[in-house]
Amino acid sequence: MPDEWHKGSAIYQIYPRSFRDTNGDGIGDLPGIIEKLDYIASLGVNGIWISPFFPSPMKDFGYDVSDYRDIDPMFGNLRDFKTLLARAHDLDLKIIIDLVLSHTSDRHPWFKDPAKKDWYVWADPKPDMFGEQVPPNNWVSVFGGPAWTYDKTHGQYYLHNFLPEQPDLNFHNPDVQDAMLDICKFWLDLGVDGFRLDVVNFYFHDRELRDNPPRDANLGAATQYEGDDPYSAQNHIYDKTRPENLKFLERLRALTDRYPDRALIGEGGDDHFFQLAADYCEGDNRLHTIYTPQLCGGKHKRLTEDLIRTPVEDFLNQAPNARPTWAFSNHDVVRAASRWCPDGDGFGHNPALSKMLIALLGCLYGSFFLYQGEELGLPEAKLKFEDLQDPWGRHLWPEWQGRDGCRTMLPWNKDTKSGWLPLAESHRPLNAADQENAQDSTLNFTRAFLNWRKHQPALISGGIDFLETHSETLLAFERKTADQTLFCLFNLENAEQTLPLFLTPQNAHLAFPKEKGEENTLAPYSFQILKGKEN
Ligand code: BGC
């Protein structure tokens, strides 16, 4: 029987540059991850996703890979990686690596090799209405500007959905597919437990290079930059989510299935996300689970019942056979501790809210990623322009500081130094060492909750049913397996709420947290998980 560990699992995301720096160069490294494996295991997670650590010119901080079979020297070497893998496995932690197959760095030898020109997407300029030579179509880059850059040597444009330094691979060329599968095989042979597949729906483009039609403005932003954005003005039916990708995913799954207990987790963003989830996880021969971005919104949002409930129900209704992997935070979005905190102008935090969010994430149906620092309740860091590193943020400053506010160095103790990004002053009092010693810290809460969750079958594999609460900020649902029923109640606001009678199940007892507050009330930003009488 395959071990379906990825179903209902809790995975800790490490952004290695900012995790733990052991050699004092201002950049986190693999020895830093090794040093902290016990800490990670103590959280009660099942595994780790590590953002890219491959050799890279770091224009997009590792999401621009120049060699897929090695480790960038700033992070360590393959020996370190093998040590990390072995030690993680000893601690019963799975290791998921982040494969960026859609594009390479412009410094990858393939991009320079004339024999491999067709491995990328090249096209002739097209005359516009004034006879001016312009890009072949209207496609734009996620990070702003056209998706095409002119190359004088070839007299042609090449495609890039992200930075110009991230040329897009041409997956219509079977040699590209074979090369990418070979890279996957290399890491599977080494023993990794799975892949987080970066922008998995961007692998193929429309061969005819048709213009994208305009997009319905009511849909809101298409990226985490929630301003007026050319990318959000187009309906991306030709530059991504092409039908040919399904066959490639089947090839990748067939390869993965030759190894026991490995998992494919695809990251996809699309206006028709739930359809994408259904298609990409259909049958037993594509992805195992899909990284679901609906709860990773960009800027400040109000935390309401509907905000959480709608995407979960949409997923269940529209992709009933797929498995979601949720996250509230990651290296691309504003940390949820601040995004959903009404105070602090987008940079605030409230420990009760941070704890409640960990419990909520752990109670949702499916698996989830916990982003480094979430266990400490870290808020979004406010940065100065001079400190910004993310090219996207530098481009959009001052309207948006980009993605660096969630990428600052983790505060391990009160003396942790700044690195490639500063250590946020707001993070210093939340450092891990101090939280170790404070019984009621977010860190110790996370440990207690996730270690308890591991033993609750209903939270791992049960179904989910939402209950009507008739309150915008009271969320209630039931998780249920044949042997266990759990009622989960969350107070999403910073004010006490009275529990209506219909939400106080008879004969149920409090399972988590252990200590009971006042009868029939939920304290500000608190939650209760109750066990049904049959358990
Ligand atoms: C990654 C980003 C990256 C982009 C391009 C995303 O989904 O999470 O950090 O910039 O893919 O590779």
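The values are calculated or read from the model by the stated rules, or taken from the named source; none is laboratory data. Here the structure is a predicted model, which is why all the values come from computation and not from measurement. Neighbour counts run over all protein chains shown; Cβ positions are idealised from the backbone, glycine included. Accessible surface is based on the protein model in full, side chains and every heavy atom, while ligands, DNA and RNA are left aside. Shrake-Rupley method; radii C 1.70, N 1.55, O 1.52, S 1.80 Å.
Quick look at the numbers
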quantity: Over the chain, equivalent-ellipsoid semi-axes from the Cα gyration tensor in Å; calculated: 38, 25, 24
quantity: Summed side-chain charge close to R428 - residues other than R428 whose Cβ falls under 12 Å, Lys, Arg +1, Asp, Glu -1; calculated: -1
quantity: Net charge of Cβ neighbours under 11 Å - reference Y238; Lys, Arg +1; Asp, Glu -1; calculated: 0
quantity: Mean Cβ count within 10 Å, highest first, over the residues of peptides 463-470, 155-162; calculated: 155-162, 463-470
quantity: Mean Cα-pair separation over length for the chain, i.e. relative contact order, pairs under 8 Å, 6 or more apart, %; calculated: 12 percent
quantity: Cα-based convex hull volume of the stretch 449-535 per residue, rounded to whole Å³; calculated: 93 Å³
quantity: Relative contact order of the stretch 193-247, pairs being alpha-carbon contacts under 8 Å that are 6 or more residues apart, as %; calculated: 48 percent
quantity: Rg to Rh, two decimals, where the stretch 109-159 supplies the alpha carbon set and Rh follows Kirkwood; calculated: 1.01
quantity: Extension gain from L246 to K185, taking 0.36 nm per residue of separation minus the Cα-Cα distance; calculated: 20.1 nm
quantity: Within the chain: Cβ-based charge dipole about Cα centre, in debye rounded to nearest 20 (Lys, Arg +1; Asp, Glu -1); calculated: 860 debye
quantity: Solvent-accessible area, 1.4 Å probe, carbon plus sulfur percent, for the chain; calculated: 49 percent
quantity: Over the chain: helical MRE at 222 nm, DSSP H runs n ≥ 4 each giving -39500 (n - 2.57), nearest 500; calculated: -6500 deg cm²/dmol
quantity: Distance from the stretch 1-64 to the stretch 388-439 (C-alpha centre basis), Å; calculated: 17 Å
quantity: Spatial separation of Cα centroids for the stretch 241-302 and the stretch 129-178, in angstrom; calculated: 25 Å
quantity: Antiparallel DSSP beta bridges within the stretch 170-328, percent to nearest 5; calculated: 10 percent
quantity: In sequence order, calculated HN-Hα J values of the stretch 71-82 (Karplus, 6.51, -1.76, 1.60; Hz; x Gly/Pro); calculated: 10, 5, x, 5, 9, x, 8, 4, 4, 4, 4, 5
